[in-house]
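Read the structure below first, then the notes.
The values are calculated or read from the model by the stated rules, or taken from the named source; none is laboratory data. Bear in mind the structure is a predicted one, so any value in this text is a computation, not a measurement. Here the Cβ positions follow ideal geometry from the backbone for every residue, glycine too, while neighbour counts run over all protein chains shown. Side chains are part of the model used for accessible areas, which takes the heavy atoms of the whole protein and leaves out ligands, DNA and RNA. Shrake-Rupley method; radii C 1.70, N 1.55, O 1.52, S 1.80 Å.
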Amino acid sequence: MLKIGPYEFSSRLLLGTGKYPSLDVQKEAVEASGAEILTFAVRRMNIFSPEQPNFLEQLDLSKYKLLPNTAGAKTAEEAVRIARLAKASGLCDMIKVEVIGCDKTLLPDPIETLKAAEMLLEEGFIVLPYTSDDVVLAKRLEELGCHAIMPGASPIGSGQGIINPLNLSFIIEQANVPVIVDAGIGGPADAALAMELGADGVLLNTAVSGAADPVKMAKAMKLAVEAGRLGYEAGRIPKKRYASASSPTEGMSVV
Amino acid sequence: MTLVINGEAVAVPDEVKTVGDLLAHFRLENKLCIVEVNVRIIQKHEYETKALCDGDRVEIVHFVGGG
(Lines give C-alpha, C1' and ligand atoms only; values in the text may rest on other atoms or scores of the structure.)
Protein backbone atom coordinates (compact mmCIF):
# COMPACT_ATOMS: atom_id res chain seq x y z
CA MET A 1 0.00 0.00 0.00
CA LEU A 2 1.09 3.54 -0.72
CA LYS A 3 0.39 5.76 2.28
CA ILE A 4 0.34 9.52 1.87
CA GLY A 5 -0.68 11.39 4.98
CA PRO A 6 -3.96 9.85 6.12
CA TYR A 7 -4.67 8.20 2.76
CA GLU A 8 -3.89 4.70 1.45
CA PHE A 9 -3.71 3.64 -2.15
CA SER A 10 -3.25 0.25 -3.75
CA SER A 11 -1.96 1.73 -7.03
CA ARG A 12 1.49 3.25 -7.08
CA LEU A 13 0.95 5.01 -10.39
CA LEU A 14 -0.20 8.63 -10.24
CA LEU A 15 -1.52 10.02 -13.49
CA GLY A 16 -1.61 13.53 -14.90
CA THR A 17 -4.65 14.67 -16.85
CA GLY A 18 -3.14 17.13 -19.34
CA LYS A 19 -2.85 17.04 -23.11
CA TYR A 20 -4.93 13.99 -24.04
CA PRO A 21 -6.19 13.83 -27.66
CA SER A 22 -9.82 13.61 -26.48
CA LEU A 23 -11.92 13.25 -23.35
CA ASP A 24 -12.95 9.73 -24.34
CA VAL A 25 -9.35 8.59 -24.79
CA GLN A 26 -8.50 10.22 -21.49
CA LYS A 27 -11.28 8.42 -19.63
CA GLU A 28 -10.20 5.09 -21.07
CA ALA A 29 -6.54 5.77 -20.31
CA VAL A 30 -7.28 6.71 -16.70
CA GLU A 31 -9.27 3.49 -16.33
CA ALA A 32 -6.52 1.38 -17.91
CA SER A 33 -3.82 2.93 -15.73
CA GLY A 34 -5.48 1.80 -12.52
CA ALA A 35 -4.35 5.12 -11.01
CA GLU A 36 -6.21 6.31 -7.93
CA ILE A 37 -4.55 9.72 -7.74
CA LEU A 38 -5.05 12.17 -10.60
CA THR A 39 -3.37 15.53 -10.94
CA PHE A 40 -5.10 18.65 -12.19
CA ALA A 41 -4.22 22.30 -12.76
CA VAL A 42 -6.23 25.33 -11.63
CA ARG A 43 -7.03 27.82 -14.39
CA ARG A 44 -9.46 30.58 -15.25
CA MET A 45 -12.79 29.34 -16.52
CA ASN A 46 -14.21 30.52 -19.82
CA ILE A 47 -17.39 31.93 -18.32
CA PHE A 48 -18.93 32.60 -21.71
CA SER A 49 -19.10 28.92 -22.65
CA PRO A 50 -20.39 27.05 -19.60
CA GLU A 51 -21.30 24.03 -21.74
CA GLN A 52 -17.67 23.26 -22.49
CA PRO A 53 -16.99 19.69 -21.32
CA ASN A 54 -14.75 19.34 -18.31
CA PHE A 55 -13.00 16.08 -17.54
CA LEU A 56 -13.34 16.39 -13.80
CA GLU A 57 -17.11 16.71 -14.04
CA GLN A 58 -17.27 13.39 -15.85
CA LEU A 59 -15.20 11.58 -13.26
CA ASP A 60 -16.56 9.32 -10.52
CA LEU A 61 -14.98 11.21 -7.65
CA SER A 62 -15.56 8.36 -5.22
CA LYS A 63 -12.94 6.35 -7.14
CA TYR A 64 -10.18 8.94 -7.32
CA LYS A 65 -8.28 11.32 -5.08
CA LEU A 66 -7.51 14.65 -6.69
CA LEU A 67 -4.02 16.04 -6.52
CA PRO A 68 -4.21 19.60 -7.85
CA ASN A 69 -0.92 21.22 -8.72
CA THR A 70 0.26 24.79 -8.35
CA ALA A 71 1.64 24.86 -11.90
CA GLY A 72 2.02 28.38 -13.21
CA ALA A 73 3.32 29.65 -9.87
CA LYS A 74 6.75 31.25 -9.83
CA THR A 75 6.74 32.30 -6.19
CA ALA A 76 5.70 30.68 -2.93
CA GLU A 77 2.89 33.20 -2.53
CA GLU A 78 1.45 32.36 -5.96
CA ALA A 79 1.62 28.66 -5.16
CA VAL A 80 -0.18 29.18 -1.86
CA ARG A 81 -2.92 31.17 -3.58
CA ILE A 82 -3.50 28.42 -6.15
CA ALA A 83 -3.50 25.78 -3.42
CA ARG A 84 -6.12 27.67 -1.44
CA LEU A 85 -8.30 28.03 -4.53
CA ALA A 86 -8.02 24.28 -5.14
CA LYS A 87 -8.94 23.46 -1.56
CA ALA A 88 -11.92 25.82 -1.64
CA SER A 89 -13.47 23.45 -4.19
CA GLY A 90 -14.15 21.21 -1.22
CA LEU A 91 -12.88 18.26 -3.23
CA CYS A 92 -9.33 17.84 -2.01
CA ASP A 93 -6.76 18.64 0.64
CA MET A 94 -3.69 17.25 -1.12
CA ILE A 95 -1.55 19.65 -3.11
CA LYS A 96 1.34 19.12 -5.49
CA VAL A 97 3.58 22.12 -4.86
CA GLU A 98 5.09 23.08 -8.18
CA VAL A 99 7.01 26.36 -8.33
CA ILE A 100 8.94 26.65 -11.55
CA GLY A 101 12.20 28.59 -11.50
CA CYS A 102 13.32 28.24 -15.11
CA ASP A 103 11.05 28.51 -18.14
CA LYS A 104 13.29 26.56 -20.45
CA THR A 105 13.89 23.50 -18.27
CA LEU A 106 10.77 23.83 -16.08
CA LEU A 107 12.96 22.88 -13.17
CA PRO A 108 11.60 23.80 -9.76
CA ASP A 109 12.73 26.78 -7.73
CA PRO A 110 14.03 25.08 -4.58
CA ILE A 111 13.79 28.10 -2.31
CA GLU A 112 10.26 29.08 -3.29
CA THR A 113 9.20 25.42 -3.18
CA LEU A 114 10.47 25.11 0.38
CA LYS A 115 8.72 28.33 1.42
CA ALA A 116 5.44 27.30 -0.21
CA ALA A 117 5.58 23.86 1.40
CA GLU A 118 6.10 25.40 4.82
CA MET A 119 3.18 27.80 4.43
CA LEU A 120 0.83 25.12 3.14
CA LEU A 121 1.76 22.65 5.88
CA GLU A 122 0.87 25.32 8.42
CA GLU A 123 -2.54 25.61 6.78
CA GLY A 124 -3.13 21.89 7.11
CA PHE A 125 -2.64 20.77 3.53
CA ILE A 126 -1.30 17.33 2.61
CA VAL A 127 1.81 18.57 0.83
CA LEU A 128 3.61 16.76 -1.99
CA PRO A 129 6.35 18.99 -3.41
CA TYR A 130 7.77 18.51 -6.89
CA THR A 131 11.52 18.96 -6.44
CA SER A 132 14.74 18.46 -8.31
CA ASP A 133 16.67 15.31 -7.45
CA ASP A 134 18.65 17.16 -4.79
CA VAL A 135 19.26 14.92 -1.78
CA VAL A 136 19.59 17.69 0.78
CA LEU A 137 16.55 19.57 -0.46
CA ALA A 138 14.52 16.36 -0.18
CA LYS A 139 15.68 16.04 3.42
CA ARG A 140 14.78 19.62 4.20
CA LEU A 141 11.30 19.16 2.73
CA GLU A 142 10.81 16.03 4.79
CA GLU A 143 11.97 17.82 7.94
CA LEU A 144 9.36 20.50 7.32
CA GLY A 145 6.71 17.81 7.47
CA CYS A 146 5.96 17.21 3.79
CA HIS A 147 3.85 14.08 3.33
CA ALA A 148 5.77 12.85 0.28
CA ILE A 149 8.72 14.01 -1.80
CA MET A 150 8.44 14.09 -5.57
CA PRO A 151 11.83 14.39 -7.25
CA GLY A 152 11.90 14.70 -11.02
CA ALA A 153 13.50 12.01 -13.18
CA SER A 154 14.31 14.57 -15.90
CA PRO A 155 12.68 17.78 -17.15
CA ILE A 156 8.86 17.83 -17.31
CA GLY A 157 7.49 16.40 -20.54
CA SER A 158 10.96 15.62 -21.88
CA GLY A 159 10.58 11.84 -21.82
CA GLN A 160 14.29 11.53 -21.09
CA GLY A 161 13.69 9.04 -18.31
CA ILE A 162 15.86 8.74 -15.21
CA ILE A 163 18.94 10.84 -15.74
CA ASN A 164 20.43 10.48 -12.28
CA PRO A 165 19.48 7.15 -10.70
CA LEU A 166 22.22 7.61 -8.10
CA ASN A 167 20.70 10.78 -6.66
CA LEU A 168 17.23 9.27 -6.75
CA SER A 169 18.41 6.22 -4.87
CA PHE A 170 20.09 8.44 -2.26
CA ILE A 171 16.81 10.29 -1.77
CA ILE A 172 14.85 7.04 -1.59
CA GLU A 173 17.24 5.39 0.89
CA GLN A 174 17.18 8.33 3.26
CA ALA A 175 13.53 9.30 3.12
CA ASN A 176 11.03 8.36 5.80
CA VAL A 177 8.11 9.57 3.73
CA PRO A 178 7.01 8.23 0.33
CA VAL A 179 9.20 9.20 -2.62
CA ILE A 180 7.28 9.57 -5.85
CA VAL A 181 9.34 10.00 -8.99
CA ASP A 182 7.62 12.78 -10.90
CA ALA A 183 8.30 14.16 -14.37
CA GLY A 184 10.46 13.10 -17.26
CA ILE A 185 9.31 9.48 -17.53
CA GLY A 186 9.29 8.45 -21.19
CA GLY A 187 8.49 4.75 -21.38
CA PRO A 188 7.57 1.77 -19.23
CA ALA A 189 11.24 0.89 -18.66
CA ASP A 190 11.75 4.27 -16.96
CA ALA A 191 8.78 3.72 -14.67
CA ALA A 192 9.95 0.20 -13.83
CA LEU A 193 13.48 1.46 -13.09
CA ALA A 194 12.13 4.13 -10.74
CA MET A 195 10.23 1.47 -8.84
CA GLU A 196 13.19 -0.93 -8.86
CA LEU A 197 15.26 1.82 -7.27
CA GLY A 198 12.75 1.67 -4.43
CA ALA A 199 10.50 4.62 -5.25
CA ASP A 200 7.10 4.41 -3.60
CA GLY A 201 5.33 5.65 -6.69
CA VAL A 202 5.62 7.25 -10.11
CA LEU A 203 3.75 10.29 -11.37
CA LEU A 204 3.59 10.76 -15.11
CA ASN A 205 1.45 12.50 -17.68
CA THR A 206 2.95 13.14 -21.13
CA ALA A 207 4.37 9.61 -21.38
CA VAL A 208 0.75 8.40 -21.55
CA SER A 209 -1.17 11.35 -23.01
CA GLY A 210 1.42 11.90 -25.75
CA ALA A 211 1.81 8.23 -26.69
CA ALA A 212 0.50 7.09 -30.08
CA ASP A 213 -1.96 4.90 -28.17
CA PRO A 214 -2.50 6.48 -24.74
CA VAL A 215 -4.80 3.71 -23.51
CA LYS A 216 -2.30 0.98 -24.29
CA MET A 217 0.52 3.03 -22.78
CA ALA A 218 -1.53 3.60 -19.64
CA LYS A 219 -1.81 -0.14 -19.23
CA ALA A 220 1.90 -0.60 -19.97
CA MET A 221 2.75 1.93 -17.26
CA LYS A 222 0.49 0.20 -14.77
CA LEU A 223 2.25 -3.11 -15.42
CA ALA A 224 5.70 -1.49 -15.39
CA VAL A 225 5.08 0.12 -12.01
CA GLU A 226 3.82 -3.17 -10.63
CA ALA A 227 6.74 -5.12 -12.10
CA GLY A 228 9.28 -2.63 -10.82
CA ARG A 229 7.80 -2.70 -7.34
CA LEU A 230 7.72 -6.50 -7.25
CA GLY A 231 11.32 -6.58 -8.43
CA TYR A 232 12.33 -4.17 -5.70
CA GLU A 233 10.57 -6.20 -3.04
CA ALA A 234 12.03 -9.43 -4.41
CA GLY A 235 15.58 -8.05 -4.24
CA ARG A 236 17.59 -8.18 -7.42
CA ILE A 237 20.91 -10.00 -7.66
CA PRO A 238 24.08 -7.96 -7.38
CA LYS A 239 25.92 -7.18 -10.61
CA LYS A 240 29.07 -9.28 -11.16
CA ARG A 241 31.95 -8.66 -13.49
CA TYR A 242 32.16 -12.23 -14.83
CA ALA A 243 29.78 -15.00 -15.72
CA SER A 244 28.51 -17.55 -13.24
CA ALA A 245 27.00 -20.71 -14.72
CA SER A 246 23.35 -21.43 -14.07
CA SER A 247 23.75 -25.17 -14.83
CA PRO A 248 25.77 -27.43 -12.51
CA THR A 249 29.40 -27.95 -13.49
CA GLU A 250 29.48 -31.39 -11.81
CA GLY A 251 28.08 -34.58 -13.27
CA MET A 252 28.81 -33.74 -16.89
CA SER A 253 28.35 -36.76 -19.15
CA VAL A 254 31.52 -37.01 -21.24
CA VAL A 255 32.03 -39.37 -24.20
CA MET B 1 -22.25 47.57 -13.00
CA THR B 2 -18.96 46.56 -14.49
CA LEU B 3 -16.83 43.85 -12.94
CA VAL B 4 -13.36 42.71 -13.90
CA ILE B 5 -13.89 39.00 -14.39
CA ASN B 6 -10.82 36.89 -15.09
CA GLY B 7 -8.97 40.02 -16.12
CA GLU B 8 -11.62 41.37 -18.50
CA ALA B 9 -14.09 44.18 -17.91
CA VAL B 10 -17.58 42.67 -18.11
CA ALA B 11 -20.85 44.60 -17.77
CA VAL B 12 -23.47 42.72 -15.77
CA PRO B 13 -27.17 43.60 -15.37
CA ASP B 14 -28.44 45.35 -12.24
CA GLU B 15 -30.12 42.16 -10.95
CA VAL B 16 -26.67 40.74 -10.26
CA LYS B 17 -26.05 41.69 -6.66
CA THR B 18 -24.23 38.72 -5.16
CA VAL B 19 -21.72 36.07 -6.21
CA GLY B 20 -24.62 33.61 -6.41
CA ASP B 21 -26.44 35.95 -8.83
CA LEU B 22 -23.31 36.29 -10.93
CA LEU B 23 -22.85 32.53 -11.27
CA ALA B 24 -26.54 32.13 -12.16
CA HIS B 25 -26.26 34.92 -14.73
CA PHE B 26 -23.51 33.06 -16.55
CA ARG B 27 -25.26 29.69 -15.98
CA LEU B 28 -22.37 28.48 -13.87
CA GLU B 29 -24.36 27.67 -10.72
CA ASN B 30 -23.96 23.92 -11.22
CA LYS B 31 -20.41 24.06 -12.51
CA LEU B 32 -17.48 23.03 -10.44
CA CYS B 33 -15.77 26.36 -9.94
CA ILE B 34 -14.08 28.46 -7.30
CA VAL B 35 -14.65 32.20 -6.92
CA GLU B 36 -12.34 34.86 -5.64
CA VAL B 37 -13.38 38.51 -5.19
CA ASN B 38 -10.65 41.10 -4.73
CA VAL B 39 -8.15 38.33 -3.94
CA ARG B 40 -10.36 36.77 -1.24
CA ILE B 41 -11.76 33.30 -1.81
CA ILE B 42 -15.53 33.20 -1.45
CA GLN B 43 -16.67 29.96 0.17
CA LYS B 44 -19.78 28.32 -1.23
CA HIS B 45 -21.91 29.18 1.80
CA GLU B 46 -21.13 32.87 1.21
CA TYR B 47 -22.32 32.91 -2.41
CA GLU B 48 -25.77 34.28 -1.64
CA THR B 49 -24.57 36.90 0.83
CA LYS B 50 -21.36 38.16 -0.74
CA ALA B 51 -22.36 41.44 -2.39
CA LEU B 52 -20.56 42.63 -5.51
CA CYS B 53 -19.62 46.23 -6.18
CA ASP B 54 -18.73 48.09 -9.35
CA GLY B 55 -15.10 47.49 -10.22
CA ASP B 56 -14.70 44.33 -8.13
CA ARG B 57 -12.04 42.00 -9.42
CA VAL B 58 -13.59 38.56 -9.73
CA GLU B 59 -11.69 35.40 -10.55
CA ILE B 60 -13.66 32.32 -11.51
CA VAL B 61 -11.39 29.29 -11.79
CA HIS B 62 -11.80 25.56 -12.20
CA PHE B 63 -9.79 22.38 -12.56
CA VAL B 64 -8.34 21.62 -15.96
CA GLY B 65 -6.08 18.84 -17.18
CA GLY B 66 -2.55 19.12 -15.85
CA GLY B 67 0.38 17.03 -14.71
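Just check segment A:56-108 against the gyration tensor rule for me: Cα atoms, a ≥ b ≥ c as the square roots of the eigenvalues, rounded for a/c under 1.5, and otherwise prolate or oblate depending on whether a/b exceeds b/c.
It comes out prolate by the Cα gyration axes.
Could you work out the relative contact order of segment B:28-67, using alpha carbon pairs under 8 angstrom and six or more residues apart, expressed as a whole percent? Write out the running numbers ahead of the final one.
Working: 31 pairs, mean separation 19.9, N = 40.
Taking the mean separation of contacting Cα pairs over the length of segment B:28-67, I get 50 percent.
Could you order B:21, A:103 by accessible surface area, starting with the largest, using a probe radius of 1.4 Å? Show your work: numbers first, answer last.
Working: B:21 50, A:103 110 Å².
Descending order: A:103, B:21.
Roughly how many whole Å is it from the C-alpha centroid of segment A:42-108 to that of segment A:150-172?
Measuring centre to centre over Cα atoms gives 23 Å.
Take peptide A:48-61, look around each residue's Cβ out to 10 angstrom, count Cβ atoms belonging to other protein chains, and average those counts.
On the way: counts 4, 2, 8, 2, 2, 0, 7, 3, 5, 5, 0, 1, 0, 1.
Per-residue shielding by partner chains comes out at 3.
Largest first, how would A:196, B:15, A:112 line up by accessible area (1.4 Å probe)?
Details: A:196 85, B:15 135, A:112 30 Å².
Descending order: B:15, A:196, A:112.
Past 20 Å, Cα to Cα: identify those pairs from A:3/A:222; B:17/B:50; A:27/A:74; A:19/A:96; A:96/A:216, in the order given.
From A:3/A:222; B:17/B:50; A:27/A:74; A:19/A:96; A:96/A:216, over 20 Å: A:27/A:74; A:96/A:216.
Taking the Cα centre of chain B as origin, sum charge times position over the Cβ atoms of Lys and Arg (+1) and Asp and Glu (-1), and report the length of that vector in debye to the nearest 20. Spell out each step's value before the answer.
Values: 7 positive and 11 negative charges, 47 e Å.
With only Lys, Arg, Asp and Glu charged at Cβ, the dipole is about 220 debye.
How much solvent-accessible surface does residue A:216 expose, in Å² to the nearest 10, with a 1.4 Å probe and all protein chains in place?
150 Å²
Can you pull the accessible area of residue A:45 for me, 1.4 Å probe, Å² to the nearest 10?
We get 20 Å² for residue A:45.
About its Cα centre, how strong a charge dipole does the protein assembly as shown have in debye, to the nearest 20, once Lys and Arg get +1 and Asp and Glu get -1 at the Cβ? Walk me through the numbers on the way to the answer.
Numbers: 32 positive and 42 negative charges, 168 e Å.
That gives the protein assembly as shown a dipole magnitude of about 800 debye.
Given the Cα-Cα distance of residue A:233 and residue A:64 and 0.36 nm per residue of separation, how much length would full extension add, in nm?
Working: separation 169, 0.36 × 169 = 60.84 nm, distance 2.60 nm.
Using 0.36 nm per residue and subtracting the Cα-Cα distance, I get 58.2 nm.
Is the shape of segment B:2-62 best called rounded, prolate or oblate, per the rule: a/c under 1.5 gives rounded, else a/b larger than b/c gives prolate, else oblate, with a ≥ b ≥ c the square roots of the Cα gyration tensor eigenvalues?
Numbers: a/c = 1.29, a/b = 1.17, b/c = 1.11.
Note, shape of segment B:2-62 comes out rounded.
From Cα pairs below 8 angstrom and at least 6 apart in sequence, can you work out the relative contact order of chain A, rounded to a whole percent? Spell out each step's value before the answer.
Values: 499 pairs, mean separation 48.6, N = 255.
Averaging sequence separation for qualifying contacts and normalising by length gives 19 percent for chain A.
Per DSSP H run of at least 4 residues, take -39500 (n - 2.57); add these up for chain A, divide by its residues and hand me the 222 nm value, nearest 500 deg cm²/dmol. Don't jump to the answer; show the numbers that get you there.
Working: 8 runs with 90 residues, N = 255.
Helices in chain A give a 222 nm mean residue ellipticity of -11000 deg cm²/dmol.
Go ahead and run the numbers for FRET between residue B:32 and residue A:143, Cβ-Cβ distance against an R0 of 30 Å, rounding to 0.05.
In this case the efficiency is close to 0.25.
Could you give the nm distance between label points at residue B:9 and residue A:223, where each point is 7 Å from its Cα heading toward the beta carbon?
Placing both labels 7 Å beyond Cα along the Cβ direction yields 6.0 nm.
Quick check: with the 1.4 Å probe, what order do A:130, B:47, A:7 take by accessible area, largest first?
Numbers: A:130 5, B:47 30, A:7 50 Å².
The most accessible residue leads, giving A:7, B:47, A:130.
Report residue B:53's accessible area, 1.4 Å probe, all protein chains in place, as a number in Å² to the nearest 10.
80 Å²
Averaged across B:24-31, how many Cβ atoms of other chains sit within 10 Å of each residue's Cβ atom? Each step should come with its number before you reach the end.
Working: counts 0, 1, 5, 4, 3, 1, 2, 7.
Per residue, the average neighbour count from other chains is 3.
Can you figure out the FRET efficiency of residue B:51 with residue A:31, using R₀ = 45 Å and their beta-carbon distance, to the nearest 0.05? Could you put the intermediate results ahead of the total?
On the way: r = 44 Å, r/R0 = 0.98.
E between residue B:51 and residue A:31, to the nearest 0.05, is 0.50.
Rounded to the nearest 0.05, what FRET efficiency do residue B:1 and residue A:8 give with R0 = 56 Å and r taken as the Cβ-Cβ distance? Could you check?
Details: r = 49 Å, r/R0 = 0.88.
My answer for the efficiency is 0.70.
Given 10 °C and 1.306 mPa s, how large is the Stokes-Einstein diffusion coefficient of chain A in µm²/s, with Rh as the Kirkwood radius over Cα pairs? Intermediate values should be presented prior to the final figure.
Values: Rh = 19.0 Å.
For these conditions, the coefficient is 83 µm²/s.
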